[in-house]
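Engineer: First, the structure itself, so that you have it in front of you.
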């Protein structure tokens with residue numbers, strides 16, 4: 001299974017620095033993410049400053065649950081610890097992947113298409129790092 005988490009410019013840095021994706025607890029039943037599944041992070045921006053940047057792939061290192069209660073000031077308590085080997089960044093992602101904004105859970109065939117698109121059309125922004133980092137060209 002493949003999953004998409006959403007962030008904004010305000011929350012994106014914390015996702016990378018903590019190696020943690022989060023959502024509201026209302027998604028407990030809708031996002032039963034399991035360790036080993038593949039995730040994507042979609043920065044949608046804000047109403048005043050809309051963005052459409054997709055990052056990935058990430059690997060779920062934990063099942064979804066409450067991992068760091070203080071992350072995002074406690075707002076997003078349905079969390080998944082993530083890791084990565086390489087991260088690709090795709091701008092105008094929903095124009096390239098039309099079904100991206102419609103869902104947060106992707107079938108294997110959809111997820112594989114997203115991976116292929118990221119690798120072919122995206123920009124590789126970071127290789128594996130043993131320590132949490134915030135890439136310099138993130139959200140540019």
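The values are calculated or read from the model by the stated rules, or taken from the named source; none is laboratory data. What you see is a predicted model; the values in this text were computed from it and never measured. Cβ sites come from the backbone with ideal geometry, for glycine too, and all protein chains shown count toward neighbours.
Engineer: From the list 47, 29, which one is over 24 Å from residue 108 (Cβ atoms), free of Cβ contacts under 8 Å to residues at least 12 places away in the same chain, out of contact with any strand residue (DSSP E or B) (no Cβ under 6 Å at 6 or more places or on another chain) and not in a strand (DSSP E or B)?
Structural biologist: Result of the check over 47, 29: 47.
Engineer: For segment 16-32: of the residues being closer than 27 Å to residue 112 by Cβ and at pLDDT 90 or above, which is surrounded by the most Cβ atoms within 10 Å (Cβ to Cβ)?
Structural biologist: Quick first cut of segment 16-32, residues closer than 27 Å to residue 112 by Cβ only: 16, 19-23, 27-32.
Applying the additional criterion that residues be at pLDDT 90 or above yields 16, 19-23.
Working: 16: 22, 19: 18, 20: 21, 21: 30, 22: 25, 23: 22.
This residue is 21.
Engineer: Which residues, counting only those in segment 33-42, are more than 8 Å from the chain's Cα centre (by Cα) and either assigned to a strand (DSSP E or B) or surrounded by 14 or more Cβ atoms within 10 Å (Cβ to Cβ) (or both)?
Structural biologist: 33, 37, 38
Listed here are the residues, each with its yes/no results for (1) out of contact with any strand residue (DSSP E or B) (no Cβ under 8 Å at 6 or more places or on another chain); (2) at pLDDT 90 or above; (3) over 22 Å from residue 16 (Cβ atoms); (4) surrounded by 12 or more Cβ atoms within 10 Å (Cβ to Cβ).
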| site | (1), (2), (3), (4) |
| --- | --- |
| 80 | no, yes, no, yes |
| 100 | no, yes, no, yes |
| 110 | no, yes, yes, yes |
| 140 | yes, no, no, no |
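Engineer: Let me confirm something: among 13, 45, which residue is in contact with a helix residue (DSSP H, G or I) (Cβ under 7 Å, 6 or more places away or on another chain) and at pLDDT below 95?
Structural biologist: 45 is the lone residue from the list that is in contact with a helix residue (DSSP H, G or I) (Cβ under 7 Å, 6 or more places away or on another chain) and at pLDDT below 95.
Engineer: Now for a separate question. Could you list all residues from segment 113-129 that are assigned to a helix (DSSP H, G or I) and either in contact with a helix residue (DSSP H, G or I) (Cβ under 7 Å, 6 or more places away or on another chain) or in contact (Cβ under 8 Å) with a residue 60 or more places away in the chain (or both)?
Structural biologist: Residues of segment 113-129 assigned to a helix (DSSP H, G or I): 113-121.
114, 115, 117, 118, 121 - these are the residues of segment 113-129 that are assigned to a helix (DSSP H, G or I) and either in contact with a helix residue (DSSP H, G or I) (Cβ under 7 Å, 6 or more places away or on another chain) or in contact (Cβ under 8 Å) with a residue 60 or more places away in the chain (or both).
Engineer: Exactly one condition in (1) in contact (Cβ under 8 Å) with a residue 60 or more places away in the chain; (2) over 21 Å from residue 120 (Cβ atoms); (3) under 13 Å from the mean Cα position of the chain (by Cα) is false for residue 8; which is it?
Structural biologist: All conditions are met except number (1).
Engineer: Continuing with this model, one more query. For segment 50-71, how many residues are in contact with a helix residue (DSSP H, G or I) (Cβ under 8 Å, 6 or more places away or on another chain) and free of Cβ contacts under 8 Å to residues at least 12 places away in the same chain?
Structural biologist: Total meeting the criteria: 0.
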